[in-house]
1. Describe numerically, in nm with one decimal, the distance between label points set 7 Å from Cα along Cα→Cβ at Q631 and at A344.
2. About the Cα centre of the chain, what is the dipole size in debye to 20, counting +1 per Lys and Arg Cβ and -1 per Asp and Glu Cβ, all else neutral?
3. Work out from phi, with θ = phi - 60° and the Karplus expression 6.51 cos²θ - 1.76 cosθ + 1.60, the ³J(HN,Hα) of each residue of region 359-366, listed in order in whole Hz, and give x for Gly and Pro.
4. Please compute, for the alpha-carbon atoms of region 360-484, the extent along each of the three principal axes and give them in descending order in Å.
5. At a 10 angstrom cut-off on C-beta neighbours, averaged per residue, how do the peptides 255-261, 113-119 rank from highest to lowest?
6. Can you tell which of I533, A511, C523 lies farthest toward the positive end of the dipole of region 490-544, using +1 and -1 charges on the Cβ of basic and acidic side chains (Lys, Arg; Asp, Glu)?
7. Within 10 Å, count the other beta carbons around each residue, average over each peptide in 480-487, 282-289, and list them highest first.
8. For region 304-408, give the percent of accessible area contributed by carbon and sulfur heavy atoms, probe 1.4 Å, rounded to a whole number.
Amino acid sequence: MKKYKLSLAVAAAIVVGATSFGASASERIFEARIHDPVEAPAAGTPGNRFVVKFNAPAGRALADDRVKSMALDSAVSRAGLARSLRGTTASSGGAGLSAKIEGRIGAAGWHVVSTSRRLSAVESERFLRELEADPSIAVAEPDRLYRHMGNMAPAAAPDDPQYSYQWNFRDGPGGVHAEAGWDISTGEGVVVAIIDTGIVQDHMDLQANVIPGYDMISWSEISRRPADGRVPGGWDLGDWVEANYCTQIGTGPHPADTSSWHGSHVAGTVAQETNNGSGLAGLAHGAQVMPLRALGSCGGLGSDIADAMLWAAGIEVPGLPVNENPAEVINMSLGSVAPTACSALYQDAIDQVNATGTIIVVAAGNDNDNAGDYTMSSCDGVISVGATNVLGDKSGYSSWGPAVDISAPGGDFSIAAHGNDRAIWQVTNGGEQGPLYDVDGAWILRGFQGTSMASPHVAAAVAMVQSVVDMPLDREQMRSLLMQTASPFATAPSNPMGAGILNLGALLTKAIEEPCDPEVEECEPQGPDAIMIANKVPMRGLSGSAGNETLYALEVPAGVTGVLSITTSGGSGNVSMQVSLDEEPTEGAAGWSSSRPGNNETVRVNNPAAGIYYIKLSGSYSNVTLQGRFQEP
């Protein structure tokens with residue numbers, strides 16, 4: 001293999017989202033010197049692109065685009081946008097509007113709709129309101145722009161020369177104990193899809209573990225390809241911008257910026273080639289990564305990102321060949337900076353992906369705010385990851401809250417005394433616009449910080465588990481296993497950050513643990529099969545149907561005083577809860593129960609005895625949150 005001289009760079013995680021561009025002040029880019037932070041403008045949606053979900057046809061076929069076009073024309077007219085507006089001293093006026101369907105999205109019923117000119121915020125609100133008033137339309141939303149969220153041998157340390165930089169893989173208080181995990185699995189046979197900026201083609205320390213995906217960017221201004229449309233590969237062509245380049249698609253003014261190569265960095269943490277005497281290591285280096293390029297210059301459209309999720313999981317997307325190598329894991333280190341609830345389009349796509357068994361791992365966000373107020377953590381059915389530093393503490397920028405399931409190393413430049421151990425390192429390209437090859441500086445050892453860097457640790461961990469278990473785990477089983485085996489924070493964060501820090505050694509040991517055979521050994525009494533939950537960590541997005549029951553379990557250690565509180569909340573429908581200690585509760589034979597109308601159930605146990613509290617939920621309900629809380633002894 002050709003040896004490359006690696007330049008050294010350290011870069012902060014660039015926070016990106018639906019309404020921002022560039023890096024925040026707390027997330028500077030370091031490349032032998034500190035660059036000034038890039039101010040984020042008040043960017044908006046493109047203003048002429050929307051996503052619309054049409055209702056299923058009743059009687060006649062609504063598949064006829066003429067019927068749908070009539071609904072669009074009616075909404076334009078009712079919104080008062082069909083006629084030309086004369087300019088005044090207070091307004092520049094605008095041409096009469098028309099709207100058309102650009103194409104279908106993979107999520108059932110969804111279409112991309114464009115308007116003949118960009119709408120103001122007020123016009124957009126009127127248009128969306130009139131669309132949703134049409135009985136043929138279920139949901140209408142802006143097609144938002146989202147941005148990436150970032151821009152440092154089994155049983156033994158690998159021989160990759162820069163492995164010493166990777167504190168995040170080792171056994172210190174902030175590490176994930178990778179070497180113990182590599183004794184058990186390196187992710188062989190599993191495909192991890194990386195929905196991001198793509199991966200640089202022929203990457204010097206990753207190409208052997210890359211399986212081609214797709215460039216899902218449909219808009220040439222974002223993709224930097226010569227024409228609109230999608231193409232095979234998923235290769236990163238660069239996401240650079242000239243000053244104010246993105247104003248043409250609806251953002252505010254902004255300075256110039258160079259390409260981030262964000263997707264290559266994220267993919268490297270998952271599956272960088274390892275024990276090859278070059279560069280750095282990857283966690284699941286026996287797995288394959290598949291690039292789904294959905295982010296380019298100025299970010300990426302929600303419609304392209306939703307289709308990327310579906311295609312990655314092997315679900316048919318109009319106009320594309322079916323993915324012959326469906327991913328078992330999807331990593332999404334992208335989202336919104338301004339508070340933005342999960343869109344109906346995203347939730348539909350996530351629900352379809354979960355139904356295939358594919359697990360979606362997302363970055364919690366870099367806003368030091370409640371992650372549940374932002375996309376992607378506001379979506380149900382994902383595993384959300386917060387960021388920690390080399391000390392095993394919360395990284396200052398990391399978002400937090402009940403939506404975060406687990407944390408993992410993301411780096412923290414604010415720890416001044418720790419030098420290279422402040423960043424998460426991987427090999428990226430050195431090109432400022434398009435990628436460079438066969439020149440000095442073509443490949444750079446680059447350190448980033450951000451929840452973008454934390455998320456792929458967990459995506460890799462999911463791949464490593466799925467590679468060795470007899471039956472692949474679903475999202476709830478995987479989430480429970482991750483939380484049960486997490487390491488504690490060095491200092492408990494002031495706000496929830498999930499169950500703790502990813503611990504690969506403990507995770508994989510637990511994943512392959514053989515059940516006790518009473519015929520050959522004395523076994524401890526085994527409780528019923530249940531989904532474990534962790535103290536003070538909510539289990540969100542639960543659903544059930546009439547006649548079905550789901551069993552959960554919460555372990556309470558000895559020495560707990562005060563009150564054990566078990567609650568359900570939110571969602572819709574009507575749920576009932578029965579709880580028993582060390583045995584499965586049944587109706588009429590439960591230690592405690594709650595059956596109020598609706599979904600707000602509560603069981604309280606004073607000075608609870610040590611043991612496992614089994615929690616049975618029954619009824620017809622959806623999107624309910626279950627949480628158990630007690631004060632640790």
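The values are calculated or read from the model by the stated rules, or taken from the named source; none is laboratory data. Note that the structure is predicted; figures quoted are calculated from it, not measured. Note that we place each Cβ from the backbone using ideal geometry, even for glycine, and neighbour counts take in every protein chain shown. Keep in mind that these areas ignore ligands, DNA and RNA; they rest on the heavy atoms of the full protein, side chains included. Shrake-Rupley method; radii C 1.70, N 1.55, O 1.52, S 1.80 Å.
1. Label at Q631, label at A344, 4.6 nm between them.
2. 2480 debye
3. 9, 9, 10, 10, 7, 6, x, 10
4. Extents along the principal axes: 47, 34, 26 Å.
5. 255-261, 113-119
6. Towards the positive end, the residue furthest out is I533.
7. Order by mean packing, descending: 282-289, 480-487.
8. C and S atoms contribute 49 percent here.
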